[in-house]
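Working notes, beginning with the structure itself.
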Amino acid sequence: MVTRVSDPATEPTPRPKPETDPVTLKASVIRRLTKKIGVNGRVRLPAVPSLLEDYVENLRKMFASYGRVFSEVEIENLRKILDGKLKEGWAISPYAHVNVRYESEAPPKIGISYWVSTEISTIEDQYADWVKTRTPPLFGKHPDSKVMDLARSLGAPGDTPVLDIGAGTGRNTLPLARAGFPADAVELSPDLANILRNEAASEGLNVTLYQGDVLGEGMVLPKGRYRLVILCEVVSHFRETSEVRKLFERTSELLAPGGLLAFSAFVPVGGYQPDQLARELAQVFWCSLFTRDEFKEASAGLGFSLLSEESVFEYEKKHVPAQDWPPTGWFEEWARGLDVYRLSIGKAPIDLRWMVYRKNG
């Protein structure tokens with residue numbers, strides 16, 4: 001009798017038991033779909049450098065949801081490209097965006113290609129779009145009550161020249177001129193300046209309009225002429241404390257001795273100390289933040305003294321006719337910092353404040 005000894009190396013491998021669980025099989029089929037699914041699209045991101053890591057993580061998750069899982073090397077390359085474009089856009093304008101366009105590669109490949117570019121928009125572009133797409137009046141039909149009260153407090157209208165910097169469509173300039181105040185205006189946006197110019201001409205008002213950047217070297221304004229200089233909803237577009245310093249320097253030249261500088265600005269309240277992310281996002285939402293110490297430093301040595309500080313929202317609500325409140329659909333949330341912080345009313349750690357300074361004689 002011959003005894004066979006089996007050789008494990010030549011024996012057929014036992015076949016695994018086929019998978020029959022419906023849930024497991026469905027998941028496996030769906031995983032295979034990656035080869036057949038095509039994707040393309042665009043993500044438009046505000047060019048905020050402090051959000052780099054948030055953007056990288058969101059893009060990583062999005063691409064992974066399409067079955068395109070990035071390696072650490074690929075993630076680092078995405079981070080490097082995105083970082084450069086965010087800084088490039090931010091350096092030009094807080095209203096810039098970074099566009100990430102993506103498209104899956106053709107089968108049988110299962111990768112994804114992407115392209116990153118900047119999209120620049122300036123404040124002039126933003127207001128040009130407002131003029132095209134929004135129903136006037138763009139900033140409300142009433143002047144700022146604080147402005148009118150300050151102007152009247154300085155004496156006879158004919159003896160009280162006023163300069164309205166960032167005058168927009170003339171919401172304050174035109175009522176001041178109608179009331180007999182010699183009113184001059186500065187406006188950066190050509191579209192807004194045209195509206196102001198046409199309105200003044202149609203009413204026969206003697207308004208001198210300077211179109212351009214008041215902080216620029218090229219604009220010549222009469223020195224020592226004005227009893228009151230106002231900037232309403234303008235400092236909220238400033239980007240650096242150096243611009244606030246230039247404002248104080250410029251208005252120091254323009255104001256007569258004893259004249260007033262009044263502007264609205266977003267100020268941290270309740271001891272809040274905004275970090276870099278908060279400051280960048282505040283600029284994106286037209287709510288640039290400056291602390292009281294920064295205003296103090298910016299005005300130092302120029303002969304200004306702070307006369308008053310109070311809430312723009314509270315002052316204007318108290319003085320604007322009830323039937324005309326709010327002045328615009330966006331004003332209430334914006335003035336109370338709720339465009340930046342998605343919190344309940346009264347919880348935002350910033351507030352739009354009236355800041356009034358006197359130029360000492």
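Since every read-out is calculated from the coordinates, none of them should be taken as a lab result. Just so we're clear, the structure is a prediction, and the values are computed from it rather than from any experiment. Cβ: placed from backbone, ideal geometry, glycine included. Neighbour counts: every protein chain shown.
A few points about this structure:
- Whole-Å semi-axes of the ellipsoid equivalent to the range 1-132 (Cα gyration tensor, √5λ, descending): 53, 17, 11
- Each Cα pair under 8 Å and six or more residues apart adds its sequence gap; the mean of these over the residue count of the chain is a relative contact order of 13 percent.
- GNM result for the chain, Cα springs below 10 Å: residue of 230, 350, 120 fluctuating most strongly: 120
- Candidates per GluC sites (Glu not before Pro) in the range 170-229, loop by DSSP, up to 11 other Cβ within 10 Å: 217
- Given 141/223; 132/246; 36/109; 146/347, the pairs whose alpha carbons are separated by over 21 Å: 141/223; 132/246; 146/347
- Per-peptide average of other Cβ atoms within 10 Å, ordering 99-112, 152-165 highest first: 152-165, 99-112
- The range 241-345: Rg to Rh, with Rh as the Kirkwood radius over Cα pairs: 0.99
- Cα shape, the range 142-259, gyration tensor, a/c 1.5 rule: oblate
- The charge dipole of the range 1-151, taken about its Cα centre with unit charges on the Cβ of Lys, Arg, Asp and Glu (plus for the first two, minus for the last two), comes to roughly 720 debye.
- Extents of the range 26-98, largest first, come to 49, 23, 15 Å (Cα atoms, principal axes, whole angstrom).
- The range 275-288 - phi-based ³J(HN,Hα) in whole Hz, Karplus 6.51/-1.76/1.60, Gly and Pro as x: 8, 5, 4, 4, 5, 5, 5, 4, 5, 4, 9, 6, 9, 3
- Nearest-0.05 FRET efficiency for residue 332 and residue 113, computed from C-beta distance (R0 45 Å): 0.50
- Whole-Å distance, taken between Cα centres, linking the range 318-342 and the range 260-295: 18
- Relative to the longest principal axis of the Cα atoms of the chain, the long axis of helix 52-65 lies at roughly 40 degrees.
- An ellipsoid equivalent to the range 189-240, defined through the eigenvalues of its Cα gyration tensor, has semi-axes of 21, 16, 12 Å when rounded to whole angstrom and sorted largest first.
- Helix-only [θ]222 nm of the chain, DSSP H runs n ≥ 4, -39500 (n - 2.57) each, per residue, nearest 500: -11000 deg cm²/dmol
- Between 242, 117, 71, the GNM of the chain built on Cα springs shorter than 10 angstrom shows 71 fluctuating the most.
- Charge dipole (Cα centre; +1 on Lys/Arg Cβ, -1 on Asp/Glu Cβ; no other charges) of the range 238-357 amounts to roughly 60 debye.
- Compared with the dominant Cα axis of the chain, that is its longest principal axis, helix 190-203 is turned about 30°.
- Approximating the spin labels as points 7 Å out from Cα along Cα→Cβ, the residue 319-to-residue 57 distance works out to 4.6 nm.
- Förster-model FRET efficiency, 41 Å R0, residue 73 and residue 279, C-beta, rounded to 0.05: 0.80
- Degrees between helix 241-254 axis and first principal axis of the chain (Cα, 0 to 90, nearest 10): 10
- Given the alternatives (1) 21.4; (2) 20.5; (3) 24.4, Kirkwood radius over Cα pairs in Å as computed for this entry is given by (3).
- Trypsin sites (Lys or Arg not before Pro) restricted to the range 287-361 and DSSP loop, no more than 14 other C-beta within 10 Å: 342, 347
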